[in-house]
Amino acid sequence: MKTRLAASALALGFAATAGSAQDLGTTLPDAVGQVAPKLEAYAQDDLFGSVWTDEALSMRDRALVTVAAKITRHETGSLSEHIALALDAGVTPAEISETITHLAFYTGWGNAVAAAEAAAPVYEERGVTEDDLPALDPELMPLDQESEDARQENVQSTYGDVSQGVVDNTEQLLFLDLWLRPALEPRDRSLVTVAGLIAAGQPEQMTFHLNRAMDNGLTQEEAGAMLSHLAFYAGWPRVFSAMPVAADVFESRSE
């Protein structure tokens, strides 16, 4: 049994699926209260009761960001519960699948494989079939050729003499294929990428991807709320390392 909040998931704004939706308390083991009661109180009162209900970022986006952070940090022990929570919050099985695939390139293959293993029993329990998953070779979304040409020229001139293989695979696999797959909207793809970078403690990669996220529709308010949310799941030091980068991006876009 898991510790449950008194408020139901429906009251917290989750969309119910196949009966009743999970509530946030299912992600908190009973052991937390037995060993660290103040941690349980912080979780229930502040994380679940305040952060998750802050409308600056939707419940659905918070669930997706949390899954991305846990994949990045290889936190497989609680990933199944958070994948179930994300499904209850409105993230589709195809979007979870595509998030796992996407993050293989940004957080490492092993993290993605472990995430697939965590998702498999949830999918089986909920009757997710192959028809619910992204197509292997779908019709790709349109490419912004001018933007891609500029990105590729910059990477080629900077790193071509270091590793042409990385340059070529970045172009062919990531930006001419992965980023154009339609099973995850560009905004969501950017959202999980930025969340992964923050969770991995790699703020030096954030400038490009946070700008791209905002070009894809993420608002400054939502980006700020994502940082506040991830402080709990990735730790305050990682978030404070990311904050100066976010501040620079916000300032540059307001000029």
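The values are calculated or read from the model by the stated rules, or taken from the named source; none is laboratory data. Because the structure is predicted, anything quoted here is derived from the model rather than measured. Backbone-built Cβ (ideal geometry, glycine too); neighbour counts: all protein chains shown. Heavy atoms of the whole protein, side chains included, go into the accessibility calculation; ligands, DNA and RNA do not. Shrake-Rupley method; radii C 1.70, N 1.55, O 1.52, S 1.80 Å.
Worth a mention:
- Counted residues, the stretch 191-205 - those being open to solvent by less than 50 Å² (accessible area, probe 1.4 Å) and closer than 15 Å to Pro237 by Cβ: 6
- Restricting the stretch 235-255 to residues that are among the hydrophobic types (A, V, I, L, M, F, W, C) and open to solvent by 40 Å² or more (accessible area, probe 1.4 Å), the residue that is nearest to Gln220 (Cα to Cα): Ala247
Conditions (1) among the basic types (Lys, Arg); (2) touching a His at 6+ places or on another chain (Cβ under 6 Å); (3) modelled with pLDDT of 95 or more; (4) open to solvent by 50 Å² or more (accessible area, probe 1.4 Å), marked per residue:
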{"residue": "Leu5", "(1), (2), (3), (4)": "no, no, no, no"}
{"residue": "Ser8", "(1), (2), (3), (4)": "no, no, no, yes"}
{"residue": "Leu12", "(1), (2), (3), (4)": "no, no, no, no"}
{"residue": "Ala18", "(1), (2), (3), (4)": "no, no, no, yes"}
{"residue": "Val35", "(1), (2), (3), (4)": "no, no, yes, yes"}
{"residue": "Ala41", "(1), (2), (3), (4)": "no, no, yes, no"}
{"residue": "Trp52", "(1), (2), (3), (4)": "no, no, yes, no"}
{"residue": "Leu64", "(1), (2), (3), (4)": "no, no, yes, no"}
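- Restricted to helices (runs of 4 or more DSSP H) entirely inside the stretch 84-159, those with at least 2 residues that are farther than 16 Å from Ile71 by Cβ and open to solvent by 20 Å² or more (accessible area, probe 1.4 Å) are 109-125, 145-159.
- Scanning the stretch 107-121 for residues that are in contact with a Leu (Cβ under 7 Å, 6 or more places away or on another chain) and either within 21 Å of Asp23 (Cβ to Cβ) or among the aromatic types (Phe, Trp, Tyr) (or both) returns a single hit, Ala118.
- For the stretch 206-234, the candidate set comprises residues that are part of a loop (DSSP other than H, G, I, E, B) and touching a Ser or Thr at 6+ places or on another chain (Cβ under 7 Å); within that set, the residue that is least open to solvent (accessible area, probe 1.4 Å) is Leu218.
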